[in-house]
Amino acid sequence: MTSGNATPPRSVLFEARSIAKSFGDVHANRDISLDVAMGEKLALLGENGAGKSTFVKMIDGVLRPDRGEFLWRGKPVSISSPAVARQLGIGMVFQHFSTFEALTVGENLALALPKLSKRAIGKKAAELSDKYGLTLRLSRRVEALSAGEKQRVEIVRALIQTPKLLILDEPTSVLTPQEADRLFETLDALAADGMALIYISHRLPEIRQLCDRATILRQGAVVATCDPKTTPLSQIAEMMIGKTADPIRRTGSYVGAARLKVDNLSISVPEGTSLKKISFNARRGEILAIAGVAGEGQEALFSALSGEIPARRAKSITLSDKPIGAMGPTRRRRLGIAFAPEQRLGHAAVGDFPLSENLRITRHGLRGGETSLKARAAKIREAFDVRAGAGDPKAATLSGGNLQKFVMGREIDREPEVFVVAQPTWGVDAGAASFIRNELMRMTEKGAAVVVISQDLEEIFQIADRVAVLHRGELSETFAIDALTPERIGLLMSGSDIADLEMVDNTPEPRPQPKLVASNDAASVPPASASAVLSEPVRTVETETASAPPSTPAPPKPPPPQAPTRLSTRGTTSVQWTPPESFHPVRPEQ
Amino acid sequence: MEAFLIAVIVAATPFLFAATGELVAERSGVLNLGVEGMMLLGAVAAFATALTTGSSLMGIAAGAAAGMAGAFLFVIVALGFTANQAATGLALTIFGTGASGLIGKDFVGQALAPMPKFTVPEALADNAAARILLAHDGMVFGAVALVILVWAWLNFTRTGLRLRAVGDDHGSAQALGLGVLKVRSLAVLFGGACAGLGGAYLSLVYTPLWAEDMTAGRGWIALALVVFASWRPLRLFIGALIFAAFDQARNYRETLDIDIPSQFLSMAPYLATIIALVVISLASRRSDAPACLGRDFRPDR
């Protein structure tokens, strides 16, 4: 892929200077400066929460920066609304669809154009379709389209305005690899015509394929700008994540028998990613991390574990060998599991309720008399250092970090045997984050099994004993944390194969796949049969294998040693910690 | 029978006005329950103006303006301050009832000359259908034209498309640079003017006199009518005629020998609406119900 802008004069089209934006206590953007020239394809990289989406929303005029300025062709501009952005020539393809479901494809396109004439739109759409292969059926209602088609509508709607700067926020997440390749060709052609591009993605191989430059964000600030075609992916991943300094990881010496077992669990969800035959177990005294970028099935997994979506087979989830898959959340809680969902307000807590009432939300229907909810809430506030208004304030008045501490405290205070928590420190400041992480580790010392669903690699390396990676609804095998490096986990998360990593040895590696457990009958069944109901054909296994190296069939594994023994990627041998399935033959009593 | 059918068409006219206005407001995503109040404001303003100036046209204009003034209150409270739309609409209805009674207290019992009716041409005078359809005042034809214009505007113009887009997904509309609040405010004001016209028709033509609370629930029937028509303008014709037939059947029970309790006939429009709602839900295809109907919009900054 040759970039056509090798010619010396690099004419800067758009520049951002020291942009900052805060939402309450959360500093989404601290200080971002970057520029993009005509014909240039700039990648904007960063972990979740690094501030990418906030930043591009400001370019698009949806949000307004607190500080800093934007320059368009060298002149300062105030992008006060999306309409202004359109006028300047900024086009945007959103991460979440911003199409109108009740309108037809043609009407959706017409809204983006200054004048309305069905024939003109049809002509223009046909032109784009001819030129770039983005075929659309104009008379169809958008609601009837697949996710991939909706994405195409969104892309065409942006292109039909012939933008000078096009921003794409994770456009390929719902495209098949073939569709994605086609999109890249389109973008290459457009850039060759002089259009500037800002491209956001987690998928490093994509960035390498498409972009000429990459600006990397971490915690709301630019940490580096590099050439993704020459910089090793591992180095980019490291810049995104930052050095994992002094991991406070524990030894895993408390690990015991499996408490929570998930066996061949498939969950179909109408929206979002369905789960396809995932299996794992969480053992007494360990923190098991489920890693993965957003939208790869985390929500379905949490709902399945918490009982919000009951499993079809009761036995697909067992708690201390008791099948709980068919139970609702309250019955599961009674058996000693606690849950803390990702969304604090609206899922974990009710904003208009005082803290004491929020305590009742996960306590009702449990045995054991609660003397006074208010006293208990006060106790949790003290123990977990929850800073909030005096008395019994409403949950909505707490800052995000403090509410998260309260939610954690509420669950940990119950002393559950198994704790399932999604994004425990998302949007939480560093102090509160380390506090919460320490509390999670302390739980395991008391014998609890903790499942952390997280996108934060730094966190995973700090606290997890074992890691499995969720990608497109499928779970990789479970790795001991020592067997992984941030780069490697990052590559697993991005769905690229281990072999893409330059430094890996050449031994053929099996694709990450549902872990094969002894009782697992899935070993012989191809994974394509998983979850028959798919909202869109994009996520079938076929497309998965398309990006995989050709001949790597997963060899059937001998059942017992289920924690894989792998060599460290760098040749420096790290200690192999391969805990046996039941370390303590005696099941601990409660 | 002919008298009954003429009466049905006359009775359908205020429904058509009010429901068309509300349909436009709802297609933009705003649920304004203040139709009854806006109709009453329009009725009293139209009557008072027509009586004092002696001009029906001035009365009609005053009715539309009064309805729009009521809608303006709604725009400020429910859209400007994002107060709950249902509560604001109910408050507007109660306010309109009270305010119209206060304004109209000196006009109670006074009578107004009815508006002139179209004379059926001699060539058609023997034709019953022509008499039923044509022997009406100008506002009846105005209502019919209004519905057709709104239908064409919603479906075939760019501004109509924008209005539908805003009602379908205000977040996306904002992201696309459509002025959500502007579109909605104009739609609600248009709805108020139409409700005012419906009220004006009642006090200028239908009765023609002013009495307190004279709309007698027609604003609510207009709201039900929008649902019954599943947010499609042309279906308003069918709904308005059916609802008006229920309404007039009460007056013509004896002449037409209808053996149905009048209470049932009063209830019938709402029953029809419930059935329409069930049919809409059962239909596999999504209705034209605006997805953002009644949802508050606050642009994030």
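Looking at this structure, is B:THR93 at pLDDT 95 or above, open to solvent by 30 Å² or more (accessible area, probe 1.4 Å) and in contact with an Asp or Glu (Cβ under 9 Å, 6 or more places away or on another chain)?
In short, no.
Could you list all residues from segment A:444-462 that are at pLDDT below 90 and aliphatic (A, V, I, L, M)?
Passing the criteria: A:LEU457, A:ILE460.
Specify the residue that is modelled with the lowest pLDDT; the eligible residues are those in segment A:28-49 that are closer than 13 Å to A:SER18 by Cα and open to solvent by less than 10 Å² (accessible area, probe 1.4 Å).
Top of the filtered list is A:ASN29.
Of all residues being among the basic types (Lys, Arg) and assigned to a helix (DSSP H, G or I) in segment A:390-422, which is modelled with the lowest pLDDT? Just the residue, please. If you could, list the steps in order and put the result at the bottom.
Quick first cut of segment A:390-422, residues among the basic types (Lys, Arg) only: A:394, A:405, A:410, A:414.
Right, trim to assigned to a helix (DSSP H, G or I) and you get A:405, A:410.
Values: A:LYS405: 89, A:ARG410: 92.
Among residues in segment A:390-422 that are among the basic types (Lys, Arg) and assigned to a helix (DSSP H, G or I), the one modelled with the lowest pLDDT is A:LYS405.
Here are some residues: A:ARG410, A:ARG381. Which one is touching a Leu at 6+ places or on another chain (Cβ under 8 Å) and farther than 21 Å from A:ILE337 by Cβ? I'd like the intermediate steps shown before the answer.
Working: A:ARG410 fails: farther than 21 Å from A:ILE337 by Cβ.
Answer to the check: A:ARG381.
Find the helices (runs of 4 or more DSSP H) located wholly in segment B:98-203 whose residues include 3 or more that are away from every other protein chain (no Cβ under 14 Å) and closer than 26 Å to B:LEU40 by Cα, and list them.
Working: elements: B:128-134, B:138-156, B:158-168, B:170-175, B:180-201.
Answer list for segment B:98-203: B:138-156, B:180-201.
Just checking, which of B:VAL35, B:VAL44, B:VAL10 is under 30 Å from B:TYR252 (Cβ atoms), among the aliphatic types (A, V, I, L, M), touching a residue at least 60 places away in the same chain (Cβ under 8 Å) and touching a strand residue (DSSP E or B) at 6+ places or on another chain (Cβ under 9 Å)? Working first, answer last.
Working: B:VAL35 fails: touching a strand residue (DSSP E or B) at 6+ places or on another chain (Cβ under 9 Å); B:VAL44 fails: touching a strand residue (DSSP E or B) at 6+ places or on another chain (Cβ under 9 Å).
Step by step, each of B:VAL35, B:VAL44, B:VAL10 is checked, and only B:VAL10 is under 30 Å from B:TYR252 (Cβ atoms), among the aliphatic types (A, V, I, L, M), touching a residue at least 60 places away in the same chain (Cβ under 8 Å) and touching a strand residue (DSSP E or B) at 6+ places or on another chain (Cβ under 9 Å).
Considering each of B:TRP220, B:TRP153, B:TRP210 in turn, give the residue that is open to solvent by 20 Å² or more (accessible area, probe 1.4 Å), of a type in the set (A, V, I, L, M, F, W, C) and closer than 30 Å to B:GLN110 by Cβ. Step through it out loud before you land on a result.
Numbers: B:TRP153 fails: closer than 30 Å to B:GLN110 by Cβ; B:TRP210 fails: open to solvent by 20 Å² or more (accessible area, probe 1.4 Å).
The conditions single out B:TRP220.
Just a yes or no: is a residue in segment A:229-250 at pLDDT 85 or above and closer than 21 Å to A:PRO163 by Cβ?
No, that holds for no residue.
Each row is one residue, and each column tells you yes or no for (1) within 23 Å of A:SER494 (Cα to Cα); (2) over 28 Å from the mean Cα position of the chain (by Cα).
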residue: A:ILE121; (1), (2): no, yes
residue: A:GLU143; (1), (2): no, no
residue: A:ILE155; (1), (2): yes, no
residue: A:ASP169; (1), (2): yes, no
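I'd like the full set of residues that are hydroxyl-bearing (Ser, Thr, Tyr) and away from chain B (no Cβ under 14 Å), limited to segment A:124-144. Can you show your working first?
Step one: of segment A:124-144, the residues hydroxyl-bearing (Ser, Thr, Tyr) are A:129, A:132, A:135, A:139.
Scanning segment A:124-144 gives A:SER129, A:TYR132, A:THR135.
I'd like the full set of residues that are part of a loop (DSSP other than H, G, I, E, B), open to solvent by less than 10 Å² (accessible area, probe 1.4 Å) and in contact with a Gly (Cβ under 7 Å, 6 or more places away or on another chain), limited to segment B:1-58.
As a first pass, look at segment B:1-58 and keep what is part of a loop (DSSP other than H, G, I, E, B): B:1, B:28-34, B:54-55.
Then drop every residue that is not open to solvent by less than 10 Å² (accessible area, probe 1.4 Å), which leaves B:28-30, B:32, B:34.
Answer for segment B:1-58, where residues must be part of a loop (DSSP other than H, G, I, E, B), open to solvent by less than 10 Å² (accessible area, probe 1.4 Å) and in contact with a Gly (Cβ under 7 Å, 6 or more places away or on another chain): B:SER28, B:GLY29, B:ASN32, B:GLY34.
Return the residues of segment A:473-486 that are touching a helix residue (DSSP H, G or I) at 6+ places or on another chain (Cβ under 9 Å), part of a helix (DSSP H, G or I) and open to solvent by 10 Å² or more (accessible area, probe 1.4 Å); say none if nothing qualifies.
Residues of segment A:473-486 touching a helix residue (DSSP H, G or I) at 6+ places or on another chain (Cβ under 9 Å): A:473-476, A:479, A:481, A:484-486.
Retained after the next criterion (residues that are part of a helix (DSSP H, G or I)): A:481, A:486.
If the condition is that a residue be touching a helix residue (DSSP H, G or I) at 6+ places or on another chain (Cβ under 9 Å), part of a helix (DSSP H, G or I) and open to solvent by 10 Å² or more (accessible area, probe 1.4 Å), then A:PRO486 is the only one that fits.
In segment B:240-248, is there at least one residue being open to solvent by 50 Å² or more (accessible area, probe 1.4 Å), in contact (Cβ under 8 Å) with a residue 40 or more places away in the chain and within 16 Å of B:ALA12 (Cα to Cα)? Steps first, answer last, please.
Pass one, segment B:240-248, residues open to solvent by 50 Å² or more (accessible area, probe 1.4 Å): B:241-242, B:246.
Filter once more, so that each one left must be in contact (Cβ under 8 Å) with a residue 40 or more places away in the chain: B:241.
Applying the additional criterion that residues be within 16 Å of B:ALA12 (Cα to Cα) yields B:241.
Yes, there is a match, as at least one residue in segment B:240-248 is open to solvent by 50 Å² or more (accessible area, probe 1.4 Å), in contact (Cβ under 8 Å) with a residue 40 or more places away in the chain and within 16 Å of B:ALA12 (Cα to Cα).
For segment A:279-309, give me each residue that is touching a residue at least 24 places away in the same chain (Cβ under 8 Å) and touching a helix residue (DSSP H, G or I) at 6+ places or on another chain (Cβ under 7 Å).
A:GLY285, A:GLU286, A:ILE287, A:ALA289, A:ILE290, A:ALA291, A:GLY292, A:VAL293, A:GLY295, A:SER306, A:GLY307, A:ILE309 - these are the residues of segment A:279-309 that are touching a residue at least 24 places away in the same chain (Cβ under 8 Å) and touching a helix residue (DSSP H, G or I) at 6+ places or on another chain (Cβ under 7 Å).
Based on what the data block shows, is B:ALA229 touching a residue at least 12 places away in the same chain (Cβ under 8 Å) and either crowded, with 19+ Cβ neighbours inside 10 Å or under 22 Å from B:GLY29 (Cα atoms) (or both)? Walk me through how you get there before you give the answer.
Numbers: touching a residue at least 12 places away in the same chain (Cβ under 8 Å): yes; either crowded, with 19+ Cβ neighbours inside 10 Å or under 22 Å from B:GLY29 (Cα atoms) (or both): yes.
Here the answer is yes, as B:ALA229 does meet what is asked.
Within segment A:57-131, which strands (runs of 3 or more DSSP E) (wholly inside it) include 2 or more residues that are of a type in the set (Phe, Trp, Tyr)? Walk me through it before giving the result.
Numbers: elements: A:67-72, A:75-77, A:90-93.
Because the criterion is at least 2 residues that are of a type in the set (Phe, Trp, Tyr), the strands (runs of 3 or more DSSP E) in segment A:57-131 that meet it are A:67-72.
I'm checking my understanding of the structure. Among residues of segment A:300-323 that are among the hydrophobic types (A, V, I, L, M, F, W, C) and assigned to a helix (DSSP H, G or I), which one is farthest from the chain's Cα centre (by Cα)? Working first, answer last.
As a first pass, look at segment A:300-323 and keep what is among the hydrophobic types (A, V, I, L, M, F, W, C): A:300-302, A:304-305, A:309, A:311, A:314, A:317, A:319.
Subsequent filtering for residues that are assigned to a helix (DSSP H, G or I) retains A:300-302, A:304-305, A:314.
Working: A:ALA300: 13, A:LEU301: 13, A:PHE302: 13, A:ALA304: 18, A:LEU305: 18, A:ALA314: 28 Å.
Checking each candidate, the answer is A:ALA314.
Give the residue that is most open to solvent (accessible area, probe 1.4 Å), with candidates limited to residues of segment A:70-121 that are among the small types (Gly, Ala, Ser) and more than 8 Å from chain B (Cβ to nearest Cβ). Quick ask: steps written out before the conclusion?
From segment A:70-121, those among the small types (Gly, Ala, Ser) are A:74, A:78, A:80-81, A:83, A:85, A:89, A:91, A:98, A:102, A:106, A:110, A:112, A:117, A:120; that's our starting set.
Retained after the next criterion (residues that are more than 8 Å from chain B (Cβ to nearest Cβ)): A:74, A:78, A:80, A:89, A:91, A:106, A:117, A:120.
Details: A:GLY74: 54, A:SER78: 90, A:SER80: 39, A:GLY89: 8, A:GLY91: 2, A:GLY106: 14, A:SER117: 44, A:ALA120: 44 Å².
If we take residues in segment A:70-121 being among the small types (Gly, Ala, Ser) and more than 8 Å from chain B (Cβ to nearest Cβ), then A:SER78 is most open to solvent (accessible area, probe 1.4 Å).
What pairs come up if the first residue lies in segment A:73-94 and is of a type in the set (Lys, Arg), the second is open to solvent by 10 Å² or more (accessible area, probe 1.4 Å), and their beta carbons are under 7 Å apart, counting only those six or more places apart or on different chains?
Matching pairs, first to second residue: A:ARG86/A:GLN161; A:ARG86/B:GLY177.
Identify, from the list A:LYS52, A:LYS57, the residue that is open to solvent by 40 Å² or more (accessible area, probe 1.4 Å), out of contact with any Pro (no Cβ under 6 Å at 6 or more places or on another chain) and of a type in the set (Lys, Arg).
A:LYS57
For segment A:189-232, how many residues meet the condition of being assigned to a strand (DSSP E or B), open to solvent by 10 Å² or more (accessible area, probe 1.4 Å) and small (Gly, Ala, Ser)? Walk me through it before giving the result.
Initial filter on segment A:189-232 (assigned to a strand (DSSP E or B)): A:196-200, A:213-218, A:221-226.
With the extra rule that they be open to solvent by 10 Å² or more (accessible area, probe 1.4 Å), the set shrinks to A:213, A:218, A:221-226.
Imposing the further condition that a residue be small (Gly, Ala, Ser) reduces the set to A:221, A:224.
Here the count works out to 2.
When both residues are 6+ apart or on different chains and their Cβ atoms are under 9 Å apart, which pairs have a first residue that lies in segment A:329-352 and is over 17 Å from A:LEU440 (Cα atoms) and among the hydroxyl-bearing types (Ser, Thr, Tyr), and a second that is open to solvent by 20 Å² or more (accessible area, probe 1.4 Å) and modelled with pLDDT under 90?
Close Cβ pairs (under 9 Å, with a partner that is open to solvent by 20 Å² or more (accessible area, probe 1.4 Å) and modelled with pLDDT under 90) amount to A:THR330/A:HIS364; A:THR330/A:GLY365; A:THR330/A:LEU366.
The values are calculated or read from the model by the stated rules, or taken from the named source; none is laboratory data. What you see is a predicted model, and the numbers here were worked out from it, not measured in a lab. Counting neighbours? That spans all protein chains shown, and the Cβs are built from the backbone with ideal geometry, glycine included. The area values use the complete protein model at the heavy-atom level, side chains included, leaving out ligands, DNA and RNA. Shrake-Rupley method; radii C 1.70, N 1.55, O 1.52, S 1.80 Å.
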